């Protein structure tokens with residue numbers, strides 16, 4: 001009679017475990033260089049393992065090995081690719097066949113200088129199932145290691161950026177050389193201005209703008225040199241330039257030349273004279289009645305017409 005009671009109790013207990021609602025449980029663990037973890041996983045349930053860093057951000061890249069993929073799966077069902085662009089992995093257990101009731105497995109994770117050995121076993125006792133394993137970088141040594149990894153990643157990004165900038169600079173120089181060779185085949189035509197204008201800006205600083213000459217390369221490239229002489233008492237910043245042309249003497253407003261590239265200093269000192277050059281491919285500068293140069297400065301705008 002007592003044997004029958006025991007059998008009934010065992011069957012009742014197994015049934016209770018099978019239908020018991022899973023209660024979320026979490027466990028926090030300190031992050032170490034070598035980490036060992038034992039997990040009992042209820043079939044069709046999962047355990048989420050969270051790390052204090054994004055897996056794919058670490059170098060070397062994460063390596064994950066699952067010794068029993070038929071019974072245990074990482075990040076969902078069979079065939080789903082492991083996602084490493086987050087800070088977590090999810091381990092699930094499939095429903096076993098009769099001969100796989102006591103199946104075991106191991107997951108090995110190597111990431112960012114950390115090693116994780118996760119030993120797995122099936123369980124039908126929901127009280128043994130842990131839903132969340134959270135690794136925390138509480139140890140100063142490993143916090144420093146994570147900071148060092150972050151510094152290495154920043155350095156890597158910086159080096160990659162510098163390489164790209166260097167490549168762009170090389171490309172820009174190549175393009176410049178290309179333009180120089182195109183210019184070299186043209187016989188330049190010179191238009192000499194040799195004209196100057198006195199200008200006073202809003203803060204009463206006085207300047208002299210001097211137009212030298214325009215060099216025309218095949219009606220495609222136009223280079224104009226000019227000079228700015230500062231006769232005031234303050235240092236003035238030079239911010240923006242506009243070149244306008246009047247095709248007809250009756251025009252009220254100029255047609256602005258675009259694009260216009262100017263090579264000039266960003267400021268001018270008292271009693272200083274600086275030479276500058278403008279280049280454009282806009283053919284409007286070739287034939288005109290008048291030219292107008294506007295220079296935006298920190299003390300106001302200087303305007304001169306020739």
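The values are calculated or read from the model by the stated rules, or taken from the named source; none is laboratory data. Since the structure is predicted, the reported quantities are computational estimates derived from the model, not experimental observations. Ideal geometry is used to build each Cβ from the backbone, glycine not excepted, and the neighbour counts take in all protein chains shown.
This table checks each residue for (1) part of a strand (DSSP E or B); (2) in contact with a helix residue (DSSP H, G or I) (Cβ under 9 Å, 6 or more places away or on another chain); (3) within 30 Å of residue 185 (Cα to Cα).
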position: 224; (1), (2), (3): yes, yes, yes
position: 240; (1), (2), (3): yes, no, no
position: 288; (1), (2), (3): no, no, yes
position: 302; (1), (2), (3): yes, no, no
Exercise for review: Being loosely packed, with under 13 Cβ neighbours inside 10 Å and either at pLDDT 80 or above or not assigned by TED's automatic domain parsing to the domain that holds residue 133 (or both) narrows it down to one of 31, 37, 4, so name that one.
Suggested key: 4
Review point. Does residue 106 satisfy the condition of being more than 18 Å from residue 75 (Cα to Cα), part of a strand (DSSP E or B), assigned by TED's automatic domain parsing to the domain that holds residue 73 and modelled with pLDDT of 85 or more?
Key: no
**Study point:** Residues satisfying the stated conditions in the range 184-197, i.e. over 17 Å from residue 225 (Cα atoms) and in contact with a strand residue (DSSP E or B) (Cβ under 7 Å, 6 or more places away or on another chain)
**Key:** 186
Exercise for review: Would you tally the residues in the range 26-68 being free of Cβ contacts under 8 Å to residues at least 60 places away in the same chain and more than 20 Å from residue 128 (Cβ to Cβ)?
Suggested key: 11
Practice item. Answer yes or no: is there a residue in the range 206-215 that is part of a loop (DSSP other than H, G, I, E, B), in contact with a strand residue (DSSP E or B) (Cβ under 8 Å, 6 or more places away or on another chain) and in contact (Cβ under 8 Å) with a residue 40 or more places away in the chain. Key: no
Practice item. Would you mind stating whether residue 222 is closer than 18 Å to residue 260 by Cα, in the same structural domain as residue 258 (by TED's automatic domain parsing) and in contact with a strand residue (DSSP E or B) (Cβ under 6 Å, 6 or more places away or on another chain)? Key: yes
Practice item. Could you please tell me which pairs satisfy a Cβ distance under 7 Å, a separation of 6+ or placement on different chains, a first residue in the range 142-169 that is within 21 Å of residue 113 (Cβ to Cβ) and not assigned by TED's automatic domain parsing to the domain that holds residue 29, and a second residue that is in a helix (DSSP H, G or I) and modelled with pLDDT under 85? Key: 153/57
Study note, to complete from the structure: Within the range 54-69, of all residues that are surrounded by 15 or more Cβ atoms within 10 Å (Cβ to Cβ) and in contact with a helix residue (DSSP H, G or I) (Cβ under 8 Å, 6 or more places away or on another chain), the one farthest from residue 116 (Cα to Cα) is 57
Practice item. Identify, by number, the condition in (1) modelled with pLDDT of 90 or more; (2) surrounded by 14 or more Cβ atoms within 10 Å (Cβ to Cβ) that residue 291 doesn't meet. Key: (1)
